[in-house]
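What follows is a short report on a single structure.
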Amino acid sequence: MSSKPSPDASRTRASLPRVGFVGAGRVANALAMGLSAAGYPVSAIASRSSKSVRKLVGRLNASGNTQAIETDPQAVLGHADLVFLTVPDDALVATAHSLQASPEQSIVHCSGASDVDVLEGLSTQGALTGGFHPLYLFAGLEDDAQRLAGCSITIEAAQPLASTLREAAKALRCKAISIPAGQRTLYHAGANLAASSLLCVLDEAVGIWQQIGIAEADALEALWPLVMGTLASARQKGLPGALSGPVSRGDDRIVARHLEALDSLGSDHAAFYAALTQRAVALARRRGNADPETDQALTRIDDMANQYSRKS
Ligand SMILES: NC(=O)c1ccc[n+]([C@@H]2O[C@H](COP(=O)([O-])OP(=O)(O)OC[C@H]3O[C@@H](n4cnc5c(N)ncnc54)[C@H](OP(=O)(O)O)[C@@H]3O)[C@@H](O)[C@H]2O)c1
């Protein structure tokens, strides 16, 4: 990852939109600091508590890149051309409903899960509305803006707002990706699978090892290099290319023994493994280079896993 956001040489400071934030938490701090470092005038901040606004305004003004003021949510819209609603998801609808927008003003939220439609009242007033979702887990660290560099930001907006947001993503040294209107729920489910669901698979592995007497800490220490190596390999070779293990080799006898052993533990251990095994078969097939014998073994594995996944 690269270090600091830098001004985009192609845009002068005067031509960049004035930026405001409603909600002064983790995302607002990272975006405000990143955008101001990139030359954007971050002009006004509002939040629920004065404490969090003052902290962010203090950081911005101390950086020497911009001059921000503390104000109330409605006044942010008077001071900014591009407003980020960075409140928690459950406060988004109420916050959006409390605001009166001017035509051509740009107002976006940063939630991955909430529809852009939650800003419909503002678009009815003539504002340009959209979604600007950074695919990054903000921990509230001082250098979150620098850590964000190299990540992707998912944009849902019509033109001309889409271009404005793509430029903002570029200024943050992020890659902009677009999703069609109305597809946020599936988009967010996919992101959740890639992040939290990975942890659940690892938790299942650790739990199984615990059942044979390996302590959680020891299990995790032993598994980390395997996990990180697999992810590094997948990044290099692609998902089908990085697949290893018995499914990858078409070793149906080993898979049968795994399923039997997991089934003997009760609960849904075998069903969970079986569902993942069927996905592994699909990945192995996507490599497209299986000889007829391996291909037959993959079919046997798929049938066997199907039976176990139906047992749950
Ligand atoms: N955290 C992440 O990793 C992450 C990643 C991508 C996207 N997002 C999205 O970004 C948005 C903001 O998340 P966050 O993590 O920055 O949340 P956060 O750290 O909890 O900050 C939210 C901020 O909004 C303020 N606030 C709460 N209710 C408010 C209201 N009714 N009016 C005005 N301000 C209010 C909070 O209160 P105080 O003023 O009392 O501090 C706080 O400063 C969410 O939509 C979230 O889904 C988060």
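General observations
- Flag if residue 32 is modelled with pLDDT under 95 and more than 10 Å from the ligand (Cβ to nearest atom): no
- Segment 223-238, residues that are part of a helix (DSSP H, G or I) and surrounded by 13 or more Cβ atoms within 10 Å (Cβ to Cβ): 223, 227, 230, 233, 234
- Residues of segment 286-304 that are in contact with a Leu (Cβ under 7 Å, 6 or more places away or on another chain) and buried (at least 16 other Cβ atoms within 10 Å of the Cβ): 304 alone.
- Residue pairs whose Cβ atoms lie under 7 Å apart, separated by 6 or more positions or on different chains, with the first residue in segment 131-142 and farther than 19 Å from residue 188 by Cα and the second near the ligand (Cβ under 6 Å from one of its atoms), are 140/26.
- For segment 91-118, the set of residues classified as more than 16 Å from the ligand (Cβ to nearest atom), closer than 19 Å to residue 182 by Cα and not small (Gly, Ala, Ser) is empty.
- Of the residues making up segment 49-79, those that are within 15 Å of the ligand (Cβ to nearest atom) and either farther than 20 Å from residue 141 by Cα or part of a loop (DSSP other than H, G, I, E, B) (or both) number 10.
- Test set (1) in a helix (DSSP H, G or I); (2) free of Cβ contacts under 8 Å to residues at least 24 places away in the same chain; (3) within 29 Å of the chain's Cα centre (by Cα) - residue 244 fails condition number: (1)
- Number of residues in segment 179-219 that are more than 21 Å from residue 268 (Cβ to Cβ), touching a residue at least 60 places away in the same chain (Cβ under 8 Å), of a type outside the set (Ser, Thr, Tyr) and assigned to a helix (DSSP H, G or I): the value is 3.
- Residue 254 falls short on exactly one of the conditions (1) more than 26 Å from the chain's Cα centre (by Cα); (2) surrounded by 15 or more Cβ atoms within 10 Å (Cβ to Cβ), and that condition is (2).
- Test: residue in segment 81-90 that is more than 15 Å from the ligand (Cβ to nearest atom) and at pLDDT 95 or above: yes
- Any hit, segment 266-278, residues being among the aliphatic types (A, V, I, L, M) and closer than 30 Å to residue 30 by Cβ: no
The values are calculated or read from the model by the stated rules, or taken from the named source; none is laboratory data. As the structure is a prediction and not an experimental result, all values here were calculated from the model. FYI the Cβ positions are ideal-geometry reconstructions off the backbone, even for glycines, and counts take in every protein chain you see.
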